[in-house]
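The values are calculated or read from the model by the stated rules, or taken from the named source; none is laboratory data. All values derive from a computational prediction rather than experimental measurement. Note that we place each Cβ from the backbone using ideal geometry, even for glycine, and neighbour counts take in every protein chain shown. With ligands, DNA and RNA removed, areas are computed over all heavy atoms of the protein, side chains included. Shrake-Rupley method; radii C 1.70, N 1.55, O 1.52, S 1.80 Å.
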Amino acid sequence: MHIGIIGLGSMGQMLVKSFCKSEVILPENVLVFNRTQAKADKLQAEYGVAVAATTQALCEQAELIFLCTKPLDILPVLRGLSVAADKHIVSVAAGVSIADLETVHSGPVSKVIPTVTSSELHGVSLLTNSSKVSAKQSKNLLALLSAIGEVQEVTESEIETATILSSSAPGLIAGILDAFAQAAVRKTPELGIEAARSILVETMLGTALLLKNEQLGFDELIERVATKGGITEEGLRVLDKTLPGGFDELFAMTASKHAALKELVQKQVGEQQDEKE
């Protein structure tokens, strides 16, 4: 099987590097295209992937095609291509629905939300398929994504919220940890910010492994650490005063951003329908 990746921004490059790193597919069976040729050439030099001369050439050679452009570029790029009905199109863009993709491509389409942590072959890729995706196509896509982390199949009504927990979470967690480290240094300046950050990174890694390897629930791990009347228990009470409201505000903000993006995508769909008429 040949796969194609159009667009080599952060997610497109991550997919190329992760697929090659996992050895789930031979590099020569990965075709890439980017408007800036230098990015494609660099990946070819580093990993041995093939560089397509045009997006159309890529679509003619690949059976599975990942569209990794910006959300508002997805439909225009797809409209500019002649794609056979049996080709499997995968969009990694937020705000572009399965129905939106089906206004341009009559064949099988999927929506995947990857995560930057897949570069370490960990993390969760979110997946939803159209009804036209065959069992074989679904199996092939799952094999690719499972090689670079875990796959969570979700409905389109769930995907926006789940995206905050998977794709956005690495950046959000990094921001939370940095605020934690900064607070520690304000309390004890001699500790130093680099030491504080290093402690938190190693602690986060150990916490994740403990939760996963021992299959602990969050509440079970809290019970192990938080003794009755101890510092951790009191610390959790402090956090409980502020964190829930902050996270509620976070999800409300992201819902608003998604709604605005979807409105722009729907405008594109409407304009295309007007042109057809």
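Of the conditions (1) without any contact (Cβ under 8 Å) to a residue 12 or more places away in the chain; (2) of a type outside the set (D, E, K, R); (3) open to solvent by less than 40 Å² (accessible area, probe 1.4 Å), Leu78 clears all except one; give me its number.
All conditions pass for Leu78, except number (1).
So for the range 162-185 (the condition being open to solvent by 80 Å² or more (accessible area, probe 1.4 Å) and of a type in the set (D, E, K, R)), does at least one residue qualify?
No, because not a single residue in the range 162-185 is open to solvent by 80 Å² or more (accessible area, probe 1.4 Å) and of a type in the set (D, E, K, R).
Mind listing just one residue for me: the one in the range 86-107 that is open to solvent by less than 10 Å² (accessible area, probe 1.4 Å), assigned to a loop (DSSP other than H, G, I, E, B) and without any contact (Cβ under 8 Å) to a residue 40 or more places away in the chain and, of those, nearest to Leu15 (Cα to Cα)?
Here the answer is Ala93.
Taking the criterion of being touching a strand residue (DSSP E or B) at 6+ places or on another chain (Cβ under 6 Å), closer than 29 Å to Gly123 by Cβ and assigned to a helix (DSSP H, G or I), would at least one residue in the range 163-180 satisfy it?
yes
If only one of Leu58, Leu8, Leu31 is in a loop (DSSP other than H, G, I, E, B), over 26 Å from Ser157 (Cβ atoms), open to solvent by less than 40 Å² (accessible area, probe 1.4 Å) and hydrophobic (A, V, I, L, M, F, W, C), which one is it?
Sole residue among the options that is in a loop (DSSP other than H, G, I, E, B), over 26 Å from Ser157 (Cβ atoms), open to solvent by less than 40 Å² (accessible area, probe 1.4 Å) and hydrophobic (A, V, I, L, M, F, W, C): Leu8.
In the range 66-80, what count of residues is obtained for those that are touching a strand residue (DSSP E or B) at 6+ places or on another chain (Cβ under 9 Å), within 15 Å of Asn34 (Cα to Cα) and not in a strand (DSSP E or B)?
6
When you look at Glu46, is it without any contact (Cβ under 8 Å) to a residue 40 or more places away in the chain, under 22 Å from Thr115 (Cα atoms) and in a helix (DSSP H, G or I), yes or no?
So Glu46 passes the test.
Please give the number of the condition Phe33 fails out of (1) in contact with a Ser or Thr (Cβ under 9 Å, 6 or more places away or on another chain); (2) in contact (Cβ under 8 Å) with a residue 60 or more places away in the chain.
Of the numbered conditions (1) in contact with a Ser or Thr (Cβ under 9 Å, 6 or more places away or on another chain); (2) in contact (Cβ under 8 Å) with a residue 60 or more places away in the chain, the odd one out for Phe33 is (2).
Gln152 is checked against (1) open to solvent by 40 Å² or more (accessible area, probe 1.4 Å); (2) under 26 Å from Ser10 (Cβ atoms); (3) part of a helix (DSSP H, G or I) and fails just one. What number does that condition carry?
Exception for Gln152: condition (3).
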